[in-house]
Amino acid sequence: MATGAERIVEVLEDVGAETVFGLPGVHNLALWEALAGSPIRVVGVRHEQTAVYAADGLARTTGKLGVALVTTGPGAANTLAATGEAMASGSPVAVVATDIPSHLRRPGVRRGVLHECADQAALFAPLVKSGVTARSADDLPGDVARAFGEALRPPGGPVYIGVPTDFLAAPAPAPAPGAGETGRLPVPSEHELDGAGELLVEAARPLILAGGGAARSGAGAAIARLAEALPAPVLTTYAGKGLLSLDHPCHVPWSAHAPPVGALWDEADVVLAIGTDLDGMTTQNWALPEPPALVTINVDADDAAKNCRPTHSLVGDAGHVTSLLAERVPRVSDPAPVRSRIAAIEPELAGQFAAEDPEAAALLEAMAPVSAGGIPIVADMCIPGYWLAGFLPVGRPRSFAYPVGWGSLGFAFPASVGAALGTGGRVVCVCGDGGFLFACGELATVAQERLPVTAIVVDDGGYGMLRFDQLQAGGAPFGVDLLSPDFVALANSFGVEAEAVDGFGAEFRERLDTCLRSDGPNLLVVSARLRPPLNTSPRWYRTPAAPPPRPN
């Protein structure tokens, strides 16, 4: 009979895992040995947190399960920040962590076993869709299969699987057939669809807001058809960027945090919210006025209604339900007026950005060809990342990743490791100097694995966003100015090609083009200080008059 470790590898192969990320430890070496005989690629990273970020990057860019394998106690605990980001952003990630041997555990007693935690699973409980610690070697394969299925079941999210280390070497049966099935989603009734369809058809100024749930379901084509038929402008959340092509007449490629874009929301008499929970970041902490009528499409009715009361709630897969809704809209509308309305916004924003921050305008101009070329971009929580998230046009689903869910600094570089392995092509990540140092050890990973990652590190001498906050409050910067290493020398020490430039002008564009055409990893350091854009909370132009509404 196969061992527990071999059964875990079998389940990984069954769900189509081609790459896993992790660190070996004394408790999980049996799993590494089992993987040595598998076609699954094992990528060893330099910190457990980055293992989960890398798994998240793979999941976001491919829709597949991202897997992180870590060891007991401190190894598991090191993953928590990244696991929280995966939960907040709905990424299907599995954290498989060993635990102390089952025969050494005494309930309610911390005995001092190596790496022992009183309740390791409890560390993960607030941060995962589900968590389980296998109770026996016989249970282990089924527990793993069910957990993987739960991670992939909409709405996606991370799961935790605890494996007492002695179960890895013990004989274990194959999981029961169907243990990892994700199940079927509900479909709205004809009556529900007809009611929502009639409301949209009768609307004078409909608007579509599409989020991460729409992207994860592959709803882009259905949204494009519906938007053109109505016609309706299509705004997206950060997680929904790229759902419509750049040349689609209804595509609004900028954040509603800019007043000219937010005016589209204000003008709407019906809003169709697809795969979004209308969270605080999207709504400027619910300062967006409630629309006269709201139709929601969501896999979870409670999630759809928790922040704003819908007029019609359609529960099911975003792509399928949007297609059914589009069938109820006659395809006779002319999208030209909507296209003209959107086109009028572009020069207004471009003029404002050029006047307010020429360097930021240059960044957007330089990165536009990267996005238009379909190269995935992974942005960190940093001022250049905020600019790209809010105002870089993206025309392909899953080609822009951003840690907006939990806002965890240090996401971009390790996530780009997973994105590069998942997509098999060049990936660009954009970090600040502070955030890059959270995970600069992964320079060793990209060098060892020869990954096509281009890391852009924007060095403004510290935590630029926090510096701005302190200055806005009338104080002097304190604790936010950092000593930076020689990033070029640091990258070179790992065998990674690197260059440095000042600003985002012609030299940056030339060097970036060279990086994109190169083999293997490279790094481009940019000395620049940018002003935070309109989509950062200190610059929100709306102020909520009351706490978020509480639907009945």
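Each reported figure results from applying straightforward, stated rules to the coordinates on display, with no laboratory input. Just so you know, these numbers come straight off a predicted model, no measurement behind them. FYI the Cβ positions are ideal-geometry reconstructions off the backbone, even for glycines, and counts take in every protein chain you see.
Structure above, values below:
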read-out: At most 14 other Cβ within 10 Å, DSSP loop - trypsin sites (Lys or Arg not before Pro), the stretch 460-552; value: R517
read-out: Extreme residue, positive dipole direction of the chain, given options A30, A476, I208 (C-beta unit charges); value: A30
read-out: DSSP-assigned coil residues among GluC sites (Glu not before Pro) in the stretch 243-348, each with at most 16 further Cβ atoms within 10 Å; value: E327
read-out: Relative contact order, percent, the stretch 234-337 [alpha-carbon distance under 8 Å, six or more residues apart]; value: 20 percent
read-out: Sequence-distant residues sharing a close amide H with D99 (under 5 Å, placed H); value: V163, T165
read-out: Spatial extent of the stretch 129-219: Rg and Dmax, with the Cα atoms as the point set, Å; value: 20.4, 66
read-out: Cα-based reach from K64 at 23 Å (exclusive), listing lysines while leaving out same-chain residues under 8 positions away; value: K129, K241
read-out: Rh (Kirkwood; distinct C-alpha pairs) - the stretch 1-96, Å; value: 13.2 Å
read-out: Exposure proxy order (Cβ contacts within 10 Å, fewest to most) of I345, I40; value: I40, I345
read-out: Unit charges on C-beta of K, R, D, E only; dipole of the stretch 437-523, Debye; value: 140 debye
read-out: Cα shape, the stretch 33-77, gyration tensor, a/c 1.5 rule; value: oblate
read-out: Phi-based couplings in Hz for the stretch 80-93 (Karplus 6.51, -1.76, 1.60; Gly and Pro marked x); value: 5, 4, 5, 5, x, 5, 4, 5, 5, 9, x, 8, x, 10
read-out: Dipole axis of the chain (+1 Lys, Arg; -1 Asp, Glu on Cβ), positive-most option in S255, W286, L123; value: L123
read-out: Which of T423, T276, C382, positive extreme of dipole for the chain (C-beta unit charges); value: T276
read-out: The stretch 359-375 - phi-based ³J(HN,Hα) in whole Hz, Karplus 6.51/-1.76/1.60, Gly and Pro as x; value: 5, 5, 4, 5, 4, 4, 5, 6, 8, 4, x, 4, 5, 4, x, x, 6
read-out: The stretch 357-537, dipole about Cα centre (Lys/Arg Cβ +1, Asp/Glu Cβ -1), debye to the nearest 20; value: 560 debye
read-out: Computed label-point distance, nm, for sites V201 and A122 using a 7 Å Cα→Cβ extension; value: 5.7 nm
read-out: Prolate/oblate/rounded label for the stretch 190-343 (Cα gyration tensor, a/c 1.5); value: rounded
read-out: Cut-off under 5 Å, modelled amide H: who pairs with V525 long-range; value: V457, E499, A500, V501
read-out: Cβ-based exposure ranking for T182, T445, T133, in which fewest neighbours within 10 Å come first; value: T182, T133, T445
read-out: Kirkwood-type radius of the stretch 4-169, with distances r between different C-alpha atoms, in Å; value: 15.3 Å
read-out: Sparsely packed chymotrypsin sites (Phe, Trp or Tyr not before Pro) within the stretch 451-552, loop by DSSP, other Cβ within 10 Å at most 10; value: F478
read-out: Length-normalised contact order of the stretch 4-169 in % [C-alpha pairs under 8 Å, at least 6 apart]; value: 26 percent
read-out: Nearest-0.05 FRET efficiency for A263 and H191, computed from C-beta distance (R0 56 Å); value: 0.95
read-out: Overall Cα dimensions of the chain - principal axes, largest extent first, Å; value: 68, 60, 44
read-out: Rotationally averaged projected area of the stretch 357-537 (alpha carbon convex hull; nm²); value: 9.7 nm²
read-out: Rg in Å to one decimal, and Dmax rounded to a whole Å, for the stretch 227-287 via C-alpha atoms; value: 11.3, 31
read-out: Vicinal HN-Hα couplings computed from phi for the stretch 57-69 (Karplus, 6.51 cos²θ - 1.76 cosθ + 1.60; Hz; Gly/Pro x); value: x, 5, 5, 5, 8, 10, x, 8, 5, x, 10, 10, 10
read-out: Sites L104 and E13, calculated FRET efficiency, Cβ-Cβ separation with R0 30 Å, nearest 0.05; value: 0.45
read-out: Length-normalised contact order for the chain - Cα pairs under 8 Å, 6+ apart - percent; value: 14 percent
read-out: Magnitude of the charge dipole, the chain, Cβ model with Lys/Arg +1 and Asp/Glu -1, debye to 20; value: 480 debye
